[in-house]
Amino acid sequence: MTMIGLFTFLPLYLAHELRYSPALVGASMTVVQGAGILASPVSGVLSDRRGRRPVLTTGLLVTSVLLVALALLKLQLLFVGALAVLGFFLFSLQP
């Protein structure tokens, strides 16, 4: 549910509230998706070595903290960096 809400409303938030250009909105969404693609194999290996519970707990905790932090960050570079970390943890939890 978080991922669907993020991909539905994040482009609107970036364009209307933060006044990002269409190219920067697309780049930000690409960063989120790209980080998630890189995260899936990493989380799979960690899940095999340490177990599912620590990986899920860490991922959900980081995702929750970052969603709150995204509302507070206004600098473009920090915002896009936080989006990358969010995508890394959010997409890794899907499989």
Restrict the check to the stretch 18-31 and report whether at least one residue is on the phi > 0 side of the Ramachandran plot and either open to solvent by 30 Å² or more (accessible area, probe 1.4 Å) or charged (D, E, K, R) (or both).
-> yes
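Might you let me know whether the stretch 56-64 holds any residue that is open to solvent by less than 30 Å² (accessible area, probe 1.4 Å) and without any contact (Cβ under 8 Å) to a residue 60 or more places away in the chain? Give the steps one after another, and end with the answer.
Going through the stretch 56-64, the residues open to solvent by less than 30 Å² (accessible area, probe 1.4 Å) turn out to be 59, 63.
Now restrict to residues that are without any contact (Cβ under 8 Å) to a residue 60 or more places away in the chain: 59.
Yes, the stretch 56-64 contains at least one residue that is open to solvent by less than 30 Å² (accessible area, probe 1.4 Å) and without any contact (Cβ under 8 Å) to a residue 60 or more places away in the chain.
What tally of residues in the stretch 74-95 results from selecting those that are among the aliphatic types (A, V, I, L, M) and surrounded by fewer than 11 Cβ atoms within 10 Å (Cβ to Cβ)? It would help to see each step written out before you state the result.
Step one: list which residues in the stretch 74-95 are among the aliphatic types (A, V, I, L, M), which gives 75, 77-78, 80, 82-86, 90, 93.
After this cut, where a residue has to be surrounded by fewer than 11 Cβ atoms within 10 Å (Cβ to Cβ) as well, the list is 75, 77.
Of the residues in the stretch 74-95, 2 are among the aliphatic types (A, V, I, L, M) and surrounded by fewer than 11 Cβ atoms within 10 Å (Cβ to Cβ).
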Return the pairs, sorted by first residue and then second, in which the second residue is part of a helix (DSSP H, G or I), the first residue lies in the stretch 77-92 and is within 17 Å of residue 23 (Cα to Cα), the beta carbons are less than 6 Å apart, and the residues are 6+ apart or on different chains.
-> 80/28; 80/31; 83/28; 83/31; 83/32; 84/31; 84/35
Check whether at least one residue in the stretch 8-31 is touching a Pro at 6+ places or on another chain (Cβ under 6 Å) and among the β-branched types (Val, Ile, Thr), and report yes or no.
-> yes
Taking the stretch 39-55 and keeping residues in contact (Cβ under 8 Å) with a residue 40 or more places away in the chain and surrounded by fewer than 14 Cβ atoms within 10 Å (Cβ to Cβ) leaves 42, 44
Does residue 71 meet the test of being within 18 Å of residue 1 (Cβ to Cβ) and exposed (fewer than 11 other Cβ atoms within 10 Å of the Cβ)?
-> yes
Hey, which of the helices (runs of 4 or more DSSP H) in the stretch 1-92, taking only ones fully inside, have at least 3 residues that are among the β-branched types (Val, Ile, Thr)?
-> 2-12, 22-50, 52-72
Is it fair to say residue 19 is more than 20 Å from residue 78 (Cβ to Cβ) and more than 18 Å from the chain's Cα centre (by Cα)?
-> no
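The values are calculated or read from the model by the stated rules, or taken from the named source; none is laboratory data. Model, not experiment: these values are computed from the prediction. For neighbour counting, all protein chains shown are included, and Cβ atoms are generated from backbone atoms with ideal geometry for every residue, glycine included. Please note that ligands, DNA and RNA were not included when accessible areas were found on the heavy atoms of the full protein model with its side chains. Shrake-Rupley method; radii C 1.70, N 1.55, O 1.52, S 1.80 Å.
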